[in-house]
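Working notes for the structure below.
The values are calculated or read from the model by the stated rules, or taken from the named source; none is laboratory data. None of the values given here were measured: they were computed from a predicted structure. So basically every Cβ, Gly included, is an ideal-geometry build from the backbone, and we count neighbours across all protein chains shown. Side chains are part of the model used for accessible areas, which takes the heavy atoms of the whole protein and leaves out ligands, DNA and RNA. Shrake-Rupley method; radii C 1.70, N 1.55, O 1.52, S 1.80 Å.
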Amino acid sequence: MEIRPGTLVCVPENTQDAQNEPLETPQPESQRHSGPRPRTVDRSPERSPELARAAGLILEIPDYPVEGILFRDITPLLADGPALRATVDALIEPFDGAFDVVAGLEARGFLLASAAAYASGAGLMPIRKAGKLPRPAASVGYGLEYGIAEIEAHADFPAGTRVLVIDDVLATGGTLAAAHELLRKLEYTIAGTAVLFEIDGLGGRGTVNDPALRTVFHS
């Protein structure tokens, strides 16, 4: 598979609903190998060299956390200052001046959202799993393959606050869709959605249903 630096994308309507998943996908037996591997990057001239380099830092870890899963490890990208800066800039660039707060989804979304909030001078809003916040103002449940999960947030901002939602991965989209519902419950305005890495073909765009969806890398 190939990572391609992305652009703003329009979300098709009436596609299949699903739930979001970790930054991992099932790996066919014929493609399994031992040890981490760097991603193959599209280095066509129209792509940003900085983003192409950042994409190349994402590793594929076969059979983690269980056999048959291909896990994408973004920590080498986070460890590289210039790559992290290029990635965060790419996440927030389309929304410049259009948001007041950055919301990050637990857990790796916190890392990117914190950097984006600092870079843009915006506030930070953590969206956490149920039971992790001392004064949750709203919660939303969403389906998983083997049960129900729930996310919560505080109401630290006035109604109408413009919120940019950031997460590390878009797979089937359930967690991001739940985050949008949570923000609407709190009477906040969704300024857009930005995701580091989109796993194509899993219906996530349709589930999120945000015409201002920004994904930086694809596979």
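If you take all C-alpha pairs in the range 44-106, what percent of them are over 19 Å apart? If you can, show how the numbers build up before the last one.
Working: 965 of 1953 pairs.
In whole percent, the share of Cα-Cα pairs in the range 44-106 beyond 19 Å is 49.
Expressed as a whole percent, the accessible surface of the range 55-177 that belongs to carbon and sulfur atoms is 55, based on a 1.4 Å probe. Of the chymotrypsin sites (Phe, Trp or Tyr not before Pro) found in the range 142-198, those in coil by DSSP whose Cβ has at most 13 other Cβ atoms within 10 Å are Y146.
Near the amide H of I58, within less than 5 Å, lie the amide hydrogens of R39, all on another chain or at least 5 residues away, with H placed in the peptide plane.
Quick check: convex hull over the Cα atoms of the range 131-219, volume per residue in Å³, rounded to an integer?
Numbers: hull volume 8.5 nm³, N = 89.
Hull volume over Cα atoms, normalised by residue count, gives 96 Å³.
Note on I151: accessible area approximately 10 square angstrom, rounded to 10, probe 1.4 Å, nucleic acids and ligands left out.
Between H154 and A107, the modelled labels are 2.1 nm apart [label points 7 Å from Cα along Cα→Cβ]. Remark: the range 57-209 is approximated by an ellipsoid whose semi-axes, taken from the C-alpha gyration tensor as √(5λ), come to 24, 21, 14 Å, largest first. When every Cα-Cα distance of the range 133-175 is counted in 10 angstrom steps from zero, the calculated P(r) takes the values 21, 45, 31, 3 percent.
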